Amino acid sequence: MLPFANTSPQTASIPLLWAIMKENKNMKYACIQEEGGVQEYHLANGLKVLLVENNSAPVATVLVVYKVGSRNEAVGFTGSTHFLEHMLFRGTPRFNKSKGTQIAQILSKEGANFNATTWVDRTTYYETVPAEKLELALEIEAERMQHAFIRDADRQSEMTVVRNELERDENEPDSVMWKNLFAQAFLAHPYHHPTIGWHSDVEGVPTARLKQFYKEFYHPNNATLIVVGDFQNSKALELIDKHFGAIPPSKKPIPQMYTQEFPQQGERRFKIRRPGQLGIVQMAWHVPPQEHIDSHALDVLQDILSEGVNSRLYQKLVETQKTVYAGAYNLQLRDPGLFIVHAKLASGIQHAEVEAAMLEVLEELQKKAPSRKELDRVRNQTKAAFSYNRHGTMQLASMLGEFEATADWKFMMHYLENLEKVKPADVQRVAQTYFKSDNLTVGWFIPEEAEAVDVNLRSRQESRKPTAKKAKAPALKRGKSELDRQEFAKGSVILTQENHLDNTVSIQGKFLAGTIFNPLQKPGLAELTAGMLKKGSERYDKLELADALAQMGSSLDFRLGTDHVSFSIRCLSEHVEPTLALLEDSLLHPTFPAEEFEKLKKQRMDRLLQRLDSTDAMAYDLLYRHLYPKDHPLYQPTVEELMQATEKLSLKDVQAFYKKHYGRKGMIVAGVGDLDARSLQNWLGQRFGSWNAKNPLPPAIAEIPRQKQGVWLAHPMPDKANVSIFLGHQTSLNRLSPDFFAATLANQALGQSSLASRLGIRIRDELGLTYGIYSYFADIGRSSGPWLLSVSTHPDNVQKTLAETRKVIEEYLKEGISAQELEDGKSNLIGSYLVNLATHPEIAYRLLQLEQYQFGLDYFQKRAGLIRKVTQAQVNKALRKYLHPESWSVGIAGNYTLEQ
């Protein structure tokens, strides 16, 4: 039996360290170790600090990991960790609503990317901010470490928010299966409980219990503070000591979880029956904790089974059209976790057939070790993924945080080294060791009506009522170059920015072959054409292409938009040219294999069926179908119409569409990272310069006038616990409208954030009617799109939610935006844009926008000035121009009818 309980190695030494440092007032923090550019410090109070300087962009990420998750909960207060995560946004003595300094509003004002997440082993709070706002992020995290209000009134309103989040998950068959899989696989260990908690515990947990939980676990000696970004270590340490140094360690030992899950002694099975479209099969085996010696071999096994089209599960299940998808997940945690294999069935396929096929794949690995080539492929993918994750401040901080929660950050630093040691025989051995029938839990989701027996009906109805060895860090190469724009062929443009701070590269592009070109009677044609690009070419078949990418750790993806098909490459600098060669072959020389086309059609049909299970999708489709006529690109046909049209499409249709619409006219490419700009320009000119230049430009898109009177529409889905609502109306706003920023700022204050807007504060925070409410201008490009509002709520609260939403909006229209809201909105628009320029893919994406809308190469510099020039009068004019409650239509999907 593996040990399940863990002790905290820091706890025993904290009082001594605290006493020593109090005696020596000059000793504020101690450097413990440094490795791979990560420096570890300890404060006197036991707070572990990890610092990583990353000067690639003027941003910084602050992330605090508390070693408390659902593994520290028990019946009666399950979900408390997650509930506390919500409560810690509710206020502290320094940051609160009465002072106008709510955490969400303060961070939104600075354009921060912020949130918090809870998982079984940890709770994480994070902010990515402009580098000059590093101290603000540190101050907020220090303040809420021990000074959160946790008031009963806040708990009551936040409870309904959390319950709404829980019920949203209950709408999704995959989420329901995941929850039941853990509940069946773990009988004694607290991993049995869902992270969000059991429904009755969420509704019933008293405020005093939440406070007790907070006092037990929120201490510096139970946390790791991670700071990554553009700063100097010495200055960062001074700020950390200033805000965290005076916080005392826990007076009592941090409670340890000691419950053990005894070995499973026989296969366990469960079935979930409820309305749905496609079946699901899940299988799980107990595996050791993260720090176990078998972890790396299990990770390799996971990728051999499920990483890419060459993976064994894909070939056995998806390729043979037995399933829509199939995957594996090695979930290794602080305590022993699960190795999960899962699949969503294609229509007409039986559960038993898929389960048998899944077991066959695993038995093959038990009988014969994988090839060295197969092993090298997944290792190379993992190596590349590590490089990509070290590139951005948030990605690196998050990865360090996850390893801190399950093992230690040094486990991450030696991960690739230990991965290299995995041999084919090791993969076979772990498959033999853990994939035993007595260690197996199997779950089936059966999409049919269940005969449910509710023995708690009365109580459930009542509950609905409102309520240091040092290693040198990697040497940095030379930094950024200026932006450059060149034509690589007539009418085809490339923008580049060299950045040699690491060895990663992002190349993105787009060309004119989007859904706007779909013939009226053939919706889905552009989708199928783009979907065929990686199914076979003159030099590679589908599997050879996937293998070539995997061996380099590169990615090549295509995505469809209204006007364009976009492509995205991510690779290491040494693989730029061979990855580009794969792009060339896929894009210029596809062979459109007939067999692959039929498979793609079947996959599309099954994905459309899945859409029928989503309340969000059904409400969205309902609204768009009402707002736009059938010949408009924003019109959304019914799922049934799309399936019928897909069935009629032929391979000849796809080939003709490709021949007519795929070409270089209007093509834009952006390359960012550790590349040579001139070489990329020359390569594109040589390889794409002779590509079809007669592809047509997109047609004009008619502007649909705003309707004078809206209507209510409903799509009843009686089995769903939650209702999705989309409401809105047409507007004339497009991306080049002179009042674009004024309109954006008007909406910003109203509903851009569910945590820091008028709608969010009233509907979510004060009334607790929803987990999330957002308003936005949708589908804005060269043509106009609608203003939308989306919200989810319980069926009993639909009328109240919509009535209160209307009150907020009508009041806003009457008052207009305040001077403070305007300044906060400007700060957010400027700061968030900066934060979102932190990685090569994000910069490449923005460069494409610069060219598409002809903003100019100096747009990054002048954008802030354009926003600052917007006046309060201009914002209020745009507000009343684009927002009209009398015109909005409402689409509702879920357990609701218009008669209600």
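The values are calculated or read from the model by the stated rules, or taken from the named source; none is laboratory data. Keep in mind that what you see is a predicted model, and the values were worked out from it rather than measured. Ideal geometry is used to build each Cβ from the backbone, glycine not excepted, and the neighbour counts take in all protein chains shown. Side chains are part of the model used for accessible areas, which takes the heavy atoms of the whole protein and leaves out ligands, DNA and RNA. Shrake-Rupley method; radii C 1.70, N 1.55, O 1.52, S 1.80 Å.
From the cross-link list LYS344/LYS648; LYS109/LYS708; LYS67/LYS251; LYS599/LYS652; LYS48/LYS109, which pairs have alpha carbons spaced over 27 Å apart? Before the final figure, lay out each step's value.
On the way: LYS344/LYS648 25 Å; LYS109/LYS708 35 Å; LYS67/LYS251 17 Å; LYS599/LYS652 15 Å; LYS48/LYS109 29 Å.
As for pairs spanning more than 27 Å Cα to Cα, those are LYS109/LYS708; LYS48/LYS109.
Please identify every one of the chymotrypsin sites (Phe, Trp or Tyr not before Pro) in segment 247-320 that sits in a loop by DSSP and has no more than 13 other beta carbons within 10 Å of its own beta carbon. Intermediate values should be presented prior to the final figure.
On the way: sites: TYR258, PHE270, TRP285, TYR314; in loops: TYR258.
Passing both the DSSP loop test and the Cβ count: TYR258.
Whenever you get a sec, line up SER757, SER371 from highest to lowest accessible area (probe 1.4 Å, protein heavy atoms).
SER371, SER757
Distance between Cα centroids, segment 420-449 to segment 831-850: provide it in whole Å.
Each part's Cα centre sits 41 Å from the other's.
Binning at 5 angstrom from zero up to the longest distance, how are the C-alpha pair distances of segment 46-121 distributed in percent?
3, 12, 17, 18, 19, 16, 11, 3, 1, 0
How would you classify the chain from its alpha-carbon gyration tensor, with a ≥ b ≥ c the square roots of the eigenvalues: rounded for a/c under 1.5, else prolate if a/b is greater than b/c, otherwise oblate? All intermediate terms of the calculation are to be shown ahead of the outcome.
On the way: a/c = 1.19, a/b = 1.12, b/c = 1.07.
Cα axes put the chain in the rounded bin.
Calculate how large, on average over all directions, the projected area of the Cα convex hull of segment 221-298 is; give the answer in nm² to one decimal. Kindly include the intermediate steps, with their values, before the conclusion.
Values: hull surface 49.3 nm².
Over all viewing directions, segment 221-298 projects a mean Cα-hull area of 12.3 nm².
Convex hull over the alpha-carbon atoms of segment 32-245: what's its volume per residue in Å³? Before the final figure, lay out the partial values.
Details: hull volume 30.9 nm³, N = 214.
Enclosed volume per residue, from the Cα hull, is 145 Å³.
Too long at a 31 Å Cα-Cα cut-off: which of LYS510/LYS877; LYS694/LYS869; LYS133/LYS862; LYS97/LYS877; LYS99/LYS410? Spell out each step's value before the answer.
Working: LYS510/LYS877 35 Å; LYS694/LYS869 42 Å; LYS133/LYS862 21 Å; LYS97/LYS877 28 Å; LYS99/LYS410 42 Å.
Beyond 31 Å: LYS510/LYS877; LYS694/LYS869; LYS99/LYS410.
Need the full-extension length gain, GLU267 to GLN33, defined as separation in residues times 0.36 nm minus the C-alpha distance. One decimal, nm. Write down the numbers at each step before the final one.
Working: separation 234, 0.36 × 234 = 84.24 nm, distance 4.57 nm.
The GLU267-GLN33 span can extend by a further 79.7 nm.
HN-Hα J couplings of segment 138-148 from phi, Karplus 6.51/-1.76/1.60, θ = phi - 60°, integer Hz, Gly and Pro as x?
Couplings: 5, 5, 5, 5, 5, 5, 8, 5, 9, 10, 5 Hz.
Based on DSSP H runs of at least 4 residues, each adding -39500 (n - 2.57), what is the mean residue ellipticity at 222 nm of the chain after dividing by all its residues, to the nearest 500 deg cm²/dmol? Present the calculation step by step, with values, prior to reporting the outcome.
Details: 31 runs with 366 residues, N = 900.
Helix-only estimate at 222 nm: -12500 deg cm²/dmol.
Taking only protein heavy atoms into account and a 1.4 Å probe, give the accessible area per residue of segment 32-245 in Å². Please report the intermediate quantities before stating the final value.
Details: 6170 Å² over 214 residues.
Accessible area per residue, segment 32-245: 29 Å².
When the dipole is taken about the Cα centre of the chain, and only Lys, Arg (+1) and Asp, Glu (-1) are charged at their Cβ, what size is it in debye, to the nearest 20?
Values: 107 positive and 107 negative charges, 284 e Å.
Rounded to the nearest 20 debye, it is 1360 debye.
I'd like the per residue volume of the convex hull spanned by the Cα atoms of segment 660-790, given in cubic angstrom.
Details: hull volume 31.2 nm³, N = 131.
It comes to 238 Å³ per residue, whole-number rounded.
Just want to confirm a number: the relative contact order over segment 32-245, from Cα pairs under 8 angstrom separated by 6+ residues, in percent.
Numbers: 374 pairs, mean separation 81.3, N = 214.
Reported as a whole number, the value is 38 percent.
If you roll a 1.4 Å probe over the chain with all protein chains in place, what percent of the accessible area is carbon or sulfur?
Numbers: 18530 of 36360 Å².
C and S fraction of accessible area: 51 percent.
For segment 880-885, just list the computed ³J(HN,Hα) in residue order, Karplus coefficients 6.51, -1.76 and 1.60, θ = phi - 60°, integers in Hz, with x standing in for Gly and Pro.
Result, rounded to whole Hz: 7, 7, 9, 10, 9, x.
When all C-alpha to C-alpha distances in segment 712-894 are sorted into bins of 10 Å, what percent of pairs does each bin hold, rounded to whole numbers?
9, 34, 34, 19, 5, 0
Taking a quarter of the surface of the convex hull around the Cα atoms of segment 384-424, what do you get in nm²?
Mean shadow area of the hull around the Cα atoms is 3.2 nm².
How long is the gain from GLN644 to LEU543 if the chain were fully straight, where each residue apart is worth 0.36 nm and the alpha carbon distance is subtracted?
Numbers: separation 101, 0.36 × 101 = 36.36 nm, distance 2.98 nm.
Gain on stretching GLN644 to LEU543: 33.4 nm.
Which whole-number percent gives the relative contact order of segment 268-448, counting Cα pairs below 8 Å spaced six or more residues apart?
On the way: 290 pairs, mean separation 72.7, N = 181.
So the answer I get is 40 percent.
Given 25 °C and 0.890 mPa s, compute D for segment 314-438 with the Stokes-Einstein relation, Rh being the Kirkwood radius over Cα pairs; round to the nearest whole µm²/s. Let's see the in-between values first.
On the way: Rh = 16.8 Å.
Roughly 146 µm²/s, to the nearest whole number.
What list of ³J(HN,Hα) values in whole Hz, one per residue of segment 346-354 in order, does the Karplus curve 6.51 cos²θ - 1.76 cosθ + 1.60 (θ = phi - 60°) give from phi, with Gly and Pro shown as x?
Coupling constants for segment 346-354: 5, 4, x, 9, 8, 4, 4, 5, 5 Hz.
So if R0 is 56 Å, what FRET efficiency would ALA819 and LYS367 give, r being the distance between their Cβ atoms, rounded to the nearest 0.05? The partial results should precede the final answer.
Working: r = 72 Å, r/R0 = 1.29.
With R0 = 56 Å, the Cβ-Cβ based efficiency is 0.20.
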